[in-house]
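To start, the structure under review is shown below, and the notes come after it.
Every read-out reported here was derived from the displayed coordinates using simple, explicitly stated rules and does not represent laboratory data. Every value quoted in this text rests on a predicted model; they were computed, and no experiment measured them. Neighbour counts are summed over all protein chains in view; Cβ atoms, including those assigned to glycine, are modelled from backbone coordinates with ideal geometry.
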Amino acid sequence: MPPRLGCIADDFTGGTDVAAALRRAGLRTTLVFGVPDADTELPADCDATVVALKSRSTPAAEAVAESLATQKWLWSQGAVQVFFKYCSTFDSTAEGNIGPVTDALVEAAGARITVICPASPPNGRTVYQGHLFVHDQLLSDSPLRHHPLNPMTDASLRRLLTTQTPHRIGLIDHSTVQRGADAVREVLLALERDGVRHAVADALTDDDLAVIGAASLELPVVTGAAGLAEGLGRAYPTGTGAVDVPVSRTGPAAVLAGSCSARTLEQIDRFSAAGLPAYHLDVRAAAAGQDVAADALAWYEAQDPATPVLLYASASPDDLADVQGELGVAAAGEQVESLLGALASRLVERGVRRLLVAGGETSGAVTTALGIRTVLVADEADPGVPWTYATTPSGHLALMLKSGNFGAPDLFLRAFEDVQ
Ligand code: ADP
């Protein structure tokens, strides 16, 4: 079995993001959804495997257990090193889950030190003197200060980690990174001798991340955002450069949107404005017992199969608040997710071969409904938004899963440009 880079992502679309980064680094990459089990099969010839969990905001003990089970499975599949991928905003609470999961992975691997670096320079996330910046602002001055789940009110990664781990925390400063991989390796050894477990690394550019990646090759566990995964991937011995994944470029195409994020609403507008067929799924009608999926399928059957179609439940913030007020937030979400999951299965049964799904939760609902556990990662249409290649009982499927706010406004048009 060839050596592989294993990766654990703490959320679903983070998994797609890091898988795209590893592929960019030249690694043939497989993405697995959820904790793998004995039946999860990997293609024989991939260099990297990403397992996407939903462990960012779950109780720490649960996140640790799922991450450890995944690490064990990655080892059994030939992974020599495990990268723990979290958000480039260090999205976490005083209890975790970044610290507890990292500690558990490091201990299970028998390691003594790991790197912490959430920098993602293309997205404006940089680390300097151990502080996380969002463009020109400290994390704590940025809009992330008001994040609905985990407000980030401190930009010092070392201070943030203090409440999440009992272990010592150190710094690899930018002047060290500028001196190259050997200098970083020396500082890592010195920190390890001092009993430091978590080495926060400064990084301002992708080149800095490549240096840190090269210096981290021997560490059993490395942690960061997609940027450091790419840096590590570039230094990886099995990187093959050109990677060919047989994604279908033709065949009936559909977009299923369940995200209500501003960018997805823009993408829907652009698709409709271009005169392409779009169908709005009425959540209230579905909740009232109407067979909205059947109506949508009847509409689909009447469309030209050579033209991409869009089916969307997405609503503007005001409409969303109204529906949620009427049905309850969880009930409305479940209604939408089961509707989009059912539609995905029936569209694929009817011959759809290219499917773009907008929304993190929505993507989870669709892959579950399609019974897809493993995909091969192909070209990116936009940064962090790759096509993937899946196998379903109805045949092969080109599948794109995007986080609500990802992708350019014209993504829904460009994704299928071959048939337009
Ligand atoms: P994002 O990646 O933008 O956060 P998600 O798919 O993760 O998108 O989340 C969007 C949530 O909004 C889903 O739970 C979905 O079911 C719900 N939703 C979508 N459209 C509606 C609607 N019209 N009414 C109520 N809830 C909706």
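Per-peptide packing, taken as the mean over residues of other Cβ atoms within 10 Å, places 161-174, 96-109 in the sequence 96-109, 161-174 from highest down.
Here His146 and Asp319 are evaluated by their C-beta separation; at R0 = 25 Å the FRET efficiency comes out at 0.65. The base-10 log of I(q)/I(0) for the chain, evaluated at q = 0.11 Å⁻¹, reads -0.81 [Debye formula, identical scatterers on Cα atoms, solvent excluded]. Need one number: % antiparallel among DSSP beta bridges in the chain, to the nearest 5. The antiparallel proportion sits near 35 percent. Considering helices alone, the calculated mean residue ellipticity of the chain at 222 nm is -11500 deg cm²/dmol, with DSSP H runs of length four and up weighted by -39500 (n - 2.57) and normalised per residue. Hey, if you put +1 on the Cβ of every Lys and Arg and -1 on every Asp and Glu Cβ in the chain, which of Val329, Ala344, Ala278 ends up farthest toward the positive end of that dipole? Sorting the options by dipole projection puts first Ala344. Among beta bridges identified by DSSP and lying wholly in segment 253-414, the antiparallel ones come to about 35 percent. For segment 140-245, the list of GluC sites (Glu not before Pro) that fall in a loop by DSSP and count at most 12 other C-beta atoms within 10 angstrom reads Glu218. Taking 0.36 nm per residue of sequence separation and removing the Cα-Cα distance, the Ala288/Gln129 pair yields an extension gain of 51.7 nm. Among Val177, Val329, Val51, Val80, the order by Cβ neighbours within 10 angstrom, fewest to most, reads Val329, Val80, Val177, Val51.
Residues whose amide H falls under 5 Å from that of Tyr279, counting only those 5 or more places apart or on a different chain, are Leu310, Leu311, Tyr312, with hydrogens built in the peptide plane.
When you filter the chymotrypsin sites (Phe, Trp or Tyr not before Pro) in segment 299-406 for DSSP loop state and at most 11 other Cβ atoms inside 10 Å of their Cβ, nothing is left. Quick one: grab the alpha carbon gyration tensor of segment 253-414, order the square roots of its eigenvalues as a ≥ b ≥ c, and give me rounded if a/c is under 1.5, else prolate or oblate depending on whether a/b is larger than b/c. Here segment 253-414 falls in the rounded category. Spin-label model, Ser156/Trp299: points 7 Å from Cα along the beta carbon direction are separated by 5.4 nm. Straight-line cross-link partners of Lys402 among the lysines, defined as a Cα under 19 Å from its Cα and at least 8 positions apart when in the same chain: Lys54, Lys85.
Express the Stokes-Einstein translational diffusion coefficient of segment 80-165 in µm² s⁻¹, to the nearest whole number, given a Kirkwood radius over alpha-carbon pairs, 4 °C and a viscosity of 1.567 mPa s.
97 µm²/s
Between Ser57 and Arg112, the contour length at 0.36 nm per residue exceeds the alpha carbon distance by 17.2 nm.
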